[in-house]
Every structure is written in C-alpha cells, then in structure tokens.
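The values are calculated or read from the model by the stated rules, or taken from the named source; none is laboratory data. Treat the numbers as computed from the prediction; the structure is a model and nothing was measured. Don't worry about glycine lacking a Cβ; one is built from the backbone with ideal geometry, like all the others, and counts go over all protein chains shown.
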Amino acid sequence: MKRVLMIQRAEVFSPNSVEKDLAILEAVAQRLRSKGCEVSLVSETAPLESAPSADVIFTMGRLPETLSWLKTLEGVQIVNRPEGIEHCGRCQLEALMARIGTPMPPKEGSDGYWLKRGDQAAQSQGDVVFAPNREALEQEIQKMQQRDISQYVVSAHVVGDLVKFYGVQGTGFFRYYYPTDDGQFKFADEARNGEARHYAFSEARLQQCVEQLAEAVGIKVYGGDAIVRADGSWCIIDFNDWPSFSRCRDEAADAIADLI
C-alpha cells in the first residue's frame, strides 16, 4: 500500500481561492484512497517535520520553509518538485521563458503596462497591478518598493482574448477556458481585456508550447494565462504550480492521481 502525503497551501498563497485549492486536493485524495492508497492531508503551516511518513507527496505548498524541507527528503516521489515551484517566481520564470523561446508579452507598448512582484507568487491584488502609462508605472513601482518588494517584472499590456489553461504534464490532460464566458475571476483585472472574441488559434500548438515550458520549469501540475491576439498568435502572461482546476476539477483529479 502506497502512503501518500498531501500538503495544503498556506492561505496567503490562495487569495480568494482557499476553498477551491483545498477542493482539488480532496478530490485527488478521494481517488487515491479508491486505488488503495493510505492518504494523509496536512497544511504547510503545520510542523511538517512531524507529518506522517510517505512514499509519495503531492504538495501545493509555497512557503520557503516548506520547499527547504521537501529538498531534504530522499527516496520520496514529490509532485510538484520544490525546485520547480521555485522556478515559478516571476523573475526566474521570465528568464527561463526567454531562454527556451516561450512567446512573451513585449516590454513596451501603447496600451499600458503590468507590474508583477517577482520573488513569489501573488498573495494579494497589489502584487499584480495595471498602469495606464509610464508615469503611473513608476508610481506603482515605488509603492511596491515601499512594501519591501525589490524584485518585480514589467510587461506591456497585450490586446486580445484572455485564456486560462490547466494541465498535467505528460498525461495528455490539457484544458483552456475564457474567464469572461463563465464570469469566474480571482481579481477584477482579469476582465480588463473585455469580452472574449474567441479568436481562432491552434490549441495543439499552445499545448505543445506550455508542455515544453512545464518540462523546463520542472513541474507536473500547472496552470497559467495566455493572451490570444486577433491574428491567432499568443503570448504567455502567467504560469504557476498547481492551480485550483475549479473549471475541470474532476478530470484534473483523475489525471493527477494517475501520476503515481
């Protein structure tokens, strides 16, 4: 019998999504138990050193101490690997995307700018802000620096359809959705691109691009955002470890459980 430990993400990394993030973990746990696994669920805010021993760890954790603890474990299958989770910090991620040729938004444009904290995943709406021009951007940078955030990335706003995608690397599972179709938003900024026009694009090419990125980052369970332009081209504006999969939870849970 395989012993599986599931680590719940600290609430600070689940803005407006605590229940949704927990729901995908519980859905995976249910499937693993049906396969005969012994499953334990703990929060990363609890002392992990006293967590039950396991053969497999499924973790949504992002705290530095969580990642450090995971790195000390030997002979344990871990999804997602702590090194891959660290690579999802925006500064590291942007450098990696540039290296492998992932389509990215330009640095300059005439439709405003996005400022995003670069050291960790977003913890509040203030970690990802829109600035209509350069003057406003400089003001937002100063605000971020006043919060002792010295690492950040800047990109130009891209006009087009906002597409949210979800995947489990290596399993063939890949889904994408338009947030304006179902009205599911984490922050109001997701509506800035307006109603989706459903511009035609190659889903197969997008999946291939994102799977390549997941492989380079080093994570199996991922999600992110892309902007699809009117001509069918796209750019990746966000990529992160283990989203809530709220739009496709049951299918995603099946794919994640199959990883072991």
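Pull up region 223-244, narrow it to residues that are of a type outside the set (A, V, I, L, M) and assigned to a loop (DSSP other than H, G, I, E, B), then point me to the one that is nearest to residue 82 (Cα to Cα). Talk me through it step by step, then tell me what you get.
Here is the first cut: in region 223-244, the ones of a type outside the set (A, V, I, L, M) are 223-225, 229, 231-235, 238-244.
Pick out the ones that are also assigned to a loop (DSSP other than H, G, I, E, B) and you get 229, 231-233, 242-244.
Details: 229: 34, 231: 37, 232: 34, 233: 32, 242: 12, 243: 15, 244: 18 Å.
Filtering region 223-244 for residues that are of a type outside the set (A, V, I, L, M) and assigned to a loop (DSSP other than H, G, I, E, B), the one nearest to residue 82 (Cα to Cα) comes out as 242.
Output the qualifying pairs, or none if there are none: Cβ atoms under 6 angstrom, residues six or more apart or on different chains, first residue in region 174-186 and over 15 Å from residue 238 (Cα atoms), second residue at pLDDT 75 or above and part of a loop (DSSP other than H, G, I, E, B).
175/248; 180/195; 180/196
So which strands (runs of 3 or more DSSP E) are wholly in region 1-107 and hold at least 3 residues that are surrounded by fewer than 18 Cβ atoms within 10 Å (Cβ to Cβ)?
Working: elements: 3-8, 38-43, 56-59, 77-79.
In region 1-107, the matching strands (runs of 3 or more DSSP E) lie at 38-43.
Pairs please, first residue from region 227-255 and at positive phi, second anywhere and surrounded by fewer than 18 Cβ atoms within 10 Å (Cβ to Cβ) and part of a loop (DSSP other than H, G, I, E, B), Cβ atoms under 9 Å, 6+ apart in sequence or on different chains.
Pairs found: 232/199; 232/200; 232/202.
Would you call residue 85 more than 28 Å from residue 18 (Cβ to Cβ) and touching a residue at least 60 places away in the same chain (Cβ under 8 Å)?
No, not satisfied.
For region 52-93, which positions are modelled with pLDDT under 95 and among the hydroxyl-bearing types (Ser, Thr, Tyr)?
53
Does residue 215 satisfy the criteria of being surrounded by fewer than 18 Cβ atoms within 10 Å (Cβ to Cβ), more than 24 Å from residue 94 (Cβ to Cβ), more than 12 Å from the chain's Cα centre (by Cα) and charged (D, E, K, R)?
no
Name the one entry in 165, 130, 185, 174 that is of a type in the set (Phe, Trp, Tyr), at pLDDT below 85 and at negative phi.
Numbers: 165 fails: at pLDDT below 85; 130 fails: at pLDDT below 85; 174 fails: at pLDDT below 85.
Selected residue: 185, the only one of 165, 130, 185, 174 that is of a type in the set (Phe, Trp, Tyr), at pLDDT below 85 and at negative phi.
Kindly list, by first and then second residue, each pair from a residue in region 144-167 that is assigned by TED's automatic domain parsing to the domain that holds residue 130 to a residue that is of a type in the set (S, T, N, Q), limited to pairs with Cβ atoms under 6 Å and residues at least 6 apart or on different chains.
162/193
Do any residues in region 88-103 that are assigned by TED's automatic domain parsing to the domain that holds residue 206 have Cβ atoms under 6 Å from those of residues that are among the small types (Gly, Ala, Ser) and modelled with pLDDT of 95 or more, where the two are at least six apart or on different chains, and which pairs are they?
96/216; 100/216
I need a count of the residues in region 225-260 that are of a type outside the set (Val, Ile, Thr) and within 17 Å of residue 180 (Cβ to Cβ). Give the steps one after another, and end with the answer.
First pass over region 225-260, keeping only residues of a type outside the set (Val, Ile, Thr): 225-226, 229-235, 238-255, 257-259.
Next, only the ones that are within 17 Å of residue 180 (Cβ to Cβ) stay: 225-226, 229-230, 234, 238, 246-247.
Residues in region 225-260 being of a type outside the set (Val, Ile, Thr) and within 17 Å of residue 180 (Cβ to Cβ): 8 in total.
Of the residues 196, 204, 214, which is of a type outside the set (Ser, Thr, Tyr) and not in a helix (DSSP H, G or I)?
After ruling out the rest, the residue left standing is 196.
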